[in-house]
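So the structure is just underneath, and the comments pick up after that.
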């Protein structure tokens with residue numbers, strides 16, 4: 001989520017570039033870079049406060065949380081027919097959304113790289129959820145996948161705003177274009193969380209929200225390339241850092257804390273274990289930072305099991321999101337729910353459950 005998208009909003013604007021990066025840029029960057037970072041924070045703050053709360057057909061999270069009786073209806077009927085429907089718009093460097101429609105479902109390639117990457121990427125994400133988990137689009141009911149590219153001028157971010165995906169082109173120095181597949185998968189997966197009952201975007205539940213998006217962003221890439229767990233790099237946002245930035249991605253699930261180490265951006269602050277959990281009031285309680293812990297647990301589980309991570313591990317994580325019924329879940333509660341789901345799928349004495357418990361224990365969350 002963007003630096004200023006904090007508070008208790010059910011569906012805040014969720015951005016791929018974490019606020020701690022922007023805050024470092026505002027301090028360490030040149031006059032031009034610092035101004036860019038502050039402007040980006042200001043822009044997202046305005047969007048956050050101006051956007052009306054996006055309400056789905058589900059019970060409102062705040063009301064349900066206050067009543068202590070949130071009941072998920074996310075486990076709806078399995079989809080049997082694909083309703084893939086994409087619409088890619090050109091923002092033309094402006095702030096207004098969605099912009100000029102350039103490519104709709106079934107149209108040939110437009111010749112605009114960002115448009116075509118967004119189109120193809122959305123298809124890959126849709127097919128992951130439909131073919132692996134029988135989910136028909138983000139809402140489970142065939143929702144049109146609206147995306148805008150070329151948002152604002154040299155915009156250094158991408159986000160899901162509760163209704164659509166939005167991608168900037170980057171400034172070409174610190175960040176490059178944001179239509180990279182794991183970024184698309186990440187942002188669209190925030191929509192899946194939203195329509196699956198939601199996770200309050202604060203503290204550990206917010207970090208779980210971010211982690212789920214990272215996991216399924218990574219799985220989108222792996223499934224597209226046909227890679228098994230041991231064959232992939234487990235990076236999120238690979239290739240979007242500028243050419244002179246020392247780093248490989250925004251986050252690493254394999255080795256949280258190692259994605260980048262740069263004089264301008266600073267050191268990747270993600271922990272891999274609860275011993276290094278970061279207590280902070282920034283970033284809605286460190287949602288982009290502490291997501292490294294459940295990210296690493298998923299990575300370890302996938303490595304133990306081997307094979308295609310979107311199959312058994314991905315199914316357990318996906319079903320956990322559908323069955324959780326707890327919008328303020330802690331890491332420990334999420335871990336316990338994954339084990340419960342794994343037991344239901346594979347049996348209490350299965351290797352799947354044994355390896356899952358071991359993965360959680362190795363990140364400091366014994367179940």
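The values are calculated or read from the model by the stated rules, or taken from the named source; none is laboratory data. Predicted model only: the values in this text are computed from it and were never measured. Because the Cβ atoms are built from the backbone with ideal geometry, glycine has one as well, and the counts that use them run over all protein chains shown.
Listed here are the residues, each with its yes/no results for (1) crowded, with 24+ Cβ neighbours inside 10 Å; (2) without any contact (Cβ under 8 Å) to a residue 40 or more places away in the chain.
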site: 116; (1), (2): no, yes
site: 120; (1), (2): no, yes
site: 123; (1), (2): no, yes
site: 162; (1), (2): no, no
site: 165; (1), (2): yes, no
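Name the single residue, out of those in the range 88-114 being touching a helix residue (DSSP H, G or I) at 6+ places or on another chain (Cβ under 8 Å), in contact (Cβ under 8 Å) with a residue 24 or more places away in the chain and surrounded by 15 or more Cβ atoms within 10 Å (Cβ to Cβ), that is farthest from residue 188 (Cα to Cα).
Residue satisfying both the conditions and the ranking: 90.
Identify, by number, the condition in (1) surrounded by 24 or more Cβ atoms within 10 Å (Cβ to Cβ); (2) touching a strand residue (DSSP E or B) at 6+ places or on another chain (Cβ under 6 Å); (3) within 20 Å of residue 136 (Cα to Cα) that residue 184 doesn't meet.
(2)
With a cut-off of at least 3 residues that are modelled with pLDDT under 95, name the helices (runs of 4 or more DSSP H) lying wholly within the range 190-307.
Numbers: elements: 203-225, 283-290, 292-305.
In the range 190-307, the matching helices (runs of 4 or more DSSP H) lie at 283-290.
Is it the case that residue 179 is at negative phi, in a loop (DSSP other than H, G, I, E, B) and at pLDDT 95 or above? It would help to see each step written out before you state the result.
Values: at negative phi: yes; in a loop (DSSP other than H, G, I, E, B): yes; at pLDDT 95 or above: yes.
Yes; evaluated as a whole, the condition is true for this residue.
For a quick check of your reading of the model, give me the residue pairs whose first member lies in the range 344-367 and is free of Cβ contacts under 8 Å to residues at least 40 places away in the same chain, whose second is exposed (fewer than 13 other Cβ atoms within 10 Å of the Cβ) and outside any helix (DSSP H, G or I), with beta-carbon atoms closer than 8 Å and at least 6 apart or on different chains.
Taking only residues 6 or more apart or on different chains, the pairs are 353/347; 357/366.
Condition check: in contact with a helix residue (DSSP H, G or I) (Cβ under 9 Å, 6 or more places away or on another chain), closer than 30 Å to residue 135 by Cα, at pLDDT 50 or above and not in a loop (DSSP other than H, G, I, E, B). Does residue 27 satisfy that? Give the derivation first.
Working: in contact with a helix residue (DSSP H, G or I) (Cβ under 9 Å, 6 or more places away or on another chain): yes; closer than 30 Å to residue 135 by Cα: no; at pLDDT 50 or above: yes; not in a loop (DSSP other than H, G, I, E, B): yes.
No, not satisfied.
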